[in-house]
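Below is one structure, written out as structure tokens; comments come after it.
The values are calculated or read from the model by the stated rules, or taken from the named source; none is laboratory data. Everything numeric in this text was worked out from a predicted model, so none of it was measured. Here Cβ is always computed from backbone atoms with ideal geometry, including for glycine, and neighbour counts include all displayed protein chains.
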Amino acid sequence: MARDILKTLKAEHDELRELFAELKETTDRGVKKREGLLEKIEASLLPHAKWEEKVFYPAFKERADRDGIQTYAEALTEHHAVENTVIPEVHAADPGTPEFAGRTKVFGEFIDHHAKEEEKTMFKMARELFTAEERAQLDEDYEEWKQSDAAAALIAGEKAKAGVKGAVNSMTQ
Ligand SMILES: [Fe+2]
Ligand SMILES: [Fe+2]
């Protein structure tokens, strides 16, 4: 089967949905389990989101019509809300508390909503805007990028930022 960036991104959405479903099943006593799952979620989400922002979204926007540009704007604003508000609030919560359970539930709901919009709207448009060859090339580029030092540095920066924002949040809550 030919490679396709849209299939890869969709598969990553599904993987995230599964991890969030698992997280939802944990209890306040399952601190290690919660920490491990959150780590897995971030390890999967951060490269996905950063690559969308840096490569896929701009390429999409360049070819999109007015509706597509609106879809692009919605998606980007959702990314920002997750990055600047939802993730820092999760980090500000102690994993052994109902606060953590509540905040990660919202995190999962945001991701599910966002992923659905991408799949139903943006990816549908992208299937028309990019040829099969281009989608295969994007898929290869993405895989290569994920293994690069540039990606590792970007992810480390994002994690540090979430930690700092989380610390500030817990002081002000
Ligand atoms: Fe996204
Ligand atoms: Fe996505």
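Flag: residue 17 does not match the condition of being away from ligand 2 (no atom under 16 Å from the Cβ) and touching a Gly at 6+ places or on another chain (Cβ under 9 Å).
Has the stretch 52-63 got any residue that is out of contact with any Leu (no Cβ under 6 Å at 6 or more places or on another chain) and basic (Lys, Arg)? Within the stretch 52-63, one or more residues are out of contact with any Leu (no Cβ under 6 Å at 6 or more places or on another chain) and basic (Lys, Arg). Only one of the listed residues (83, 119) is charged (D, E, K, R), closer than 23 Å to residue 160 by Cβ, touching a helix residue (DSSP H, G or I) at 6+ places or on another chain (Cβ under 9 Å) and in contact (Cβ under 8 Å) with a residue 40 or more places away in the chain. That residue is 83. With respect to the conditions (1) exposed (fewer than 13 other Cβ atoms within 10 Å of the Cβ); (2) among the hydroxyl-bearing types (Ser, Thr, Tyr); (3) within 16 Å of ligand 2 (Cβ to nearest atom), residue 57 falls short on a single one, namely (1).
All conditions but one from (1) closer than 30 Å to residue 4 by Cα; (2) modelled with pLDDT of 95 or more apply to residue 97; the one that does not is (1).
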